[in-house]
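Below: the structure, in structure tokens.
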Amino acid sequence: MVFRSEEMCLAQLFLQSGSEYDCISELGELGLVEFRDLNPSVSSFQRHFVSEIKRCEEMERILGYLLREIQKAKIAIPQEDESPLAPPPRQVLEIMEQLQRLEMELSEVAKNKEKLQRNLLELTEYTHMLKITRTFIHSRSRVSYEEFPTMETDSVTGSTGMQRLGAKLGFVSGLIQRVKVEAFERMLWRVCKGYTILSYAEVDENLADLDTGEISKSVVFLISFWGDQIGQKVQKICDCYHCHLYPHPENDEERADVLDSLRTRIQDLNNVLHRTEDYLRQVLQKASESVYTWVVQVKKMKAIYHILNLCSFDVTNKCLIAEVWCPVSDLTNLRGALEEGSVSTTWNTPSAPLLSQGG
């Protein structure tokens, strides 16, 4: 009838030690049977093939990392028309070694690329800071520092009150995210009691953040301050707001020399970065040719060991005992799959697994 299933039977399988993996692989390709758990009271981490499953999970972790890197590089993954079979146990260690070697190589290249990108971004930020702060210095040279308290010049000594106290004028320059500028300015005013002058201007180019990698608007700032104590407070405030600080040149000649050096270093870094990206893409392109096969093989291998954990181990006869539900009309195919799995195993005297039919 339409609403009636196939006539089913409960069968018992006796799998000889050494051929059980291939027999389960053959049954899995056919998809004819449903296994019963003969170890319901045994926890998952106390079963016989726990170490093999952990090895499969480690390979799945590496394959997940490879897939993410391949997708990030926008490389297509070719797929085979036919699903690959589960690898024989003797090839598992070879696949594991290939994946570990590939992961190590990719992670090393990725770390070098990340380091190069960070260095390039730092040099780019430093370049923007030098160009923008130059306008700050030139505009301040035409303006008196009357904004500072106690800055009046003594007519007799010709020095200001801060200079008589031994305080020196210092500078702190760097970059900060645009969204933090207002809070940063208020904090400087409250903590430093007005003994600082803050000048800032927005960078035209969108820059990636050194820590998060997100593209955002940045602001170049220049802080003038009197005295070491005020300078220490400025440094702490900059650290709290995660500012990227860079050395401030003392004069225009030093600024020009630093800019020339930065241009040369940026050009060299770009060349090295391009070569690193090309090599990384070549490695990923080579890995993409085999990653689909590896993913399917590892999934099938892990499924086989999960099924083997459902079987009971007969110490006397040195075999695995499994119980399966199978359609009666497919018993012949079931027996043929077991014989095929037994023959494919390399043994001097292979013995066929036994099939016992129940009600």
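The values are calculated or read from the model by the stated rules, or taken from the named source; none is laboratory data. Please read these numbers as outputs of a predicted model, since none were measured by experiment. Cβ atoms come from the backbone with ideal geometry, glycine included; neighbour counts cover every protein chain shown. Remember, those area values only see protein heavy atoms, side chains included, never the ligands or the DNA or RNA. Shrake-Rupley method; radii C 1.70, N 1.55, O 1.52, S 1.80 Å.
Brief remarks on what is shown
Residues are listed down the side, and each one gets a yes or a no for (1) of a type in the set (A, V, I, L, M, F, W, C); (2) within 24 Å of the chain's Cα centre (by Cα):
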residue	(1), (2)
PHE225	yes, no
CYS243	yes, no
ASP252	no, no
ALA256	yes, no
VAL272	yes, yes
THR276	no, yes
ALA287	yes, yes
LYS300	no, no
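- Residue within segment 286-297 that is at pLDDT 85 or above, under 24 Å from HIS48 (Cβ atoms) and not hydroxyl-bearing (Ser, Thr, Tyr) present: yes
- Pairs where the first residue, in segment 253-264, is surrounded by 13 or more Cβ atoms within 10 Å (Cβ to Cβ) and the second is hydrophobic (A, V, I, L, M, F, W, C) and in a helix (DSSP H, G or I), C-beta under 8 Å, 6+ apart: ARG255/LEU130; VAL258/LEU130; LEU259/LEU130; LEU262/LEU123; LEU262/LEU130
- Verdict on GLN282 being modelled with pLDDT under 90 and either exposed (fewer than 15 other Cβ atoms within 10 Å of the Cβ) or out of contact with any Lys or Arg (no Cβ under 8 Å at 6 or more places or on another chain) (or both): no
- Answer residue from segment 205-247, given it is touching a residue at least 40 places away in the same chain (Cβ under 8 Å) and among the small types (Gly, Ala, Ser) and is most open to solvent (accessible area, probe 1.4 Å) among those: ALA208
- In segment 262-317, residue nearest to ASN119 (Cα to Cα) [restricted to those that are outside any helix (DSSP H, G or I) and polar (S, T, N, Q)]: ASN309
- One residue from GLU122, GLU82 being assigned to a helix (DSSP H, G or I), at pLDDT 80 or above and either over 30 Å from GLY28 (Cβ atoms) or not aromatic (Phe, Trp, Tyr) (or both): GLU122
- Residues within segment 1-31 that are touching a strand residue (DSSP E or B) at 6+ places or on another chain (Cβ under 8 Å), open to solvent by 40 Å² or more (accessible area, probe 1.4 Å) and either closer than 24 Å to PRO84 by Cβ or of a type in the set (S, T, N, Q) (or both), tallied: 3
- Qualifying positions in segment 19-53 - farther than 15 Å from SER312 by Cα and among the aliphatic types (A, V, I, L, M): LEU27, LEU30, LEU32, VAL33, ILE53
- Tabulated pairs, segment 31-53, first within 23 Å of PRO89 (Cβ to Cβ), second of a type in the set (Gly, Ala, Ser) and open to solvent by less than 40 Å² (accessible area, probe 1.4 Å), C-beta under 7 angstrom, 6+ apart or interchain: PHE35/ALA322; LEU38/SER312; ASN39/SER312
- Selected residue [of a type in the set (Lys, Arg) and farther than 16 Å from GLN285 by Cα] from ARG101, ARG68, ARG118: ARG118
- Neighbours by Cβ (under 6 Å, 6+ apart or cross-chain): first from segment 170-188, in contact (Cβ under 8 Å) with a residue 12 or more places away in the chain; second basic (Lys, Arg) and open to solvent by 50 Å² or more (accessible area, probe 1.4 Å): ARG178/LYS217
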